[in-house]
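Notes follow once the structure below has been shown.
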Amino acid sequence: MPDETISVNRRAHHDYAIEETLEAGIVLTGTEIKSVRAHKVNIAEAYVRIERGEAWLIGAHIAEYAQGNRFNHAPTRTRKLLLHRDQIAELTGLQSAKGLTMVPLRLYLRGGMAKLEVGVARGKKAHDKRRTIAERDMRRELDRESKVAGRIKL
């Protein structure tokens, strides 16, 4: 059964140079998982923090469930991430390194469970972002030219 992508953080690839990725589970309440399955999620403003030996997802917005009652969840509450102890130890060391941060890249469902792809990233400077955009445009132009050159003219 393939993964069902719920939300992608496109901004992360623009603002950060991703050095390493890993998969983490998320602790969600009943109304949260129902909203996730309805694709009512935004992880663009979110980040991951290691505190007291536990990984936390901070700033992710999961909309309140429409059919929820008064026990509905808070949309931007802090959510615990499920990682192995050795992964948390590795991330703790990386978090303390200067210039590295942890950002969510993608939220998806695997076997009915919500998973988060977390990237260990280094922030890009403005000139790095411009270079990335220029390279992407150049690659797009070359693809376009090769496509036109490959056509058979009658």
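Since every read-out is calculated from the coordinates, none of them should be taken as a lab result. Because the structure is a prediction, the values reported are computed rather than measured. No Cβ is skipped: glycine too gets one built from the backbone with ideal geometry, and neighbour counts run over all protein chains shown.
Each residue of segment 51-60 was assigned a 3J(HN,Hα) from its phi angle through the Karplus expression (A = 6.51, B = -1.76, C = 1.60, θ = phi - 60°), giving 9, 6, x, 10, 9, 10, 9, 10, x, 6 Hz with x at Gly and Pro. Working note: Karplus 6.51/-1.76/1.60 with θ = phi - 60° gives segment 9-20 the couplings 8, 5, 5, 4, 6, 7, 8, 9, 9, 6, 9, 7 Hz, where Gly and Pro are set to x.
Per-residue ellipticity at 222 nm, computed for the chain from helices alone with -39500 (n - 2.57) per DSSP H run of at least four residues, works out to -10000 deg cm²/dmol.
Express the Stokes-Einstein translational diffusion coefficient of the chain in µm² s⁻¹, to the nearest whole number, given a Kirkwood radius over alpha-carbon pairs, 25 °C and a viscosity of 0.890 mPa s. Display every interim value, and only then the final one.
Details: Rh = 17.5 Å.
Diffusion coefficient, whole number: 140 µm²/s.
Annotation for E45 and K147: the two label points, set 7 Å from Cα along the Cα-Cβ direction, are 3.6 nm apart.
First measure r as the distance between the Cβ atoms of R140 and W56, then evaluate 1/(1 + (r/R0)^6) with R0 = 41 Å and state the FRET efficiency to the nearest 0.05.
On the way: r = 38 Å, r/R0 = 0.93.
Plugging the Cβ-Cβ distance into 1/(1 + (r/R0)^6) gives 0.60.
Taking Cα centre as origin and charging only the Cβ of basic (Lys, Arg, +1) and acidic (Asp, Glu, -1) residues, the dipole magnitude of the chain rounds to 500 debye. Residue by residue, segment 105-120 carries 3J(HN,Hα) couplings of 9, 7, 10, 8, 9, 10, x, x, 9, 7, 10, 10, 8, 9, x, 8 Hz when phi is fed to the Karplus relation 6.51 cos²θ - 1.76 cosθ + 1.60 (θ = phi - 60°); x denotes Gly or Pro.
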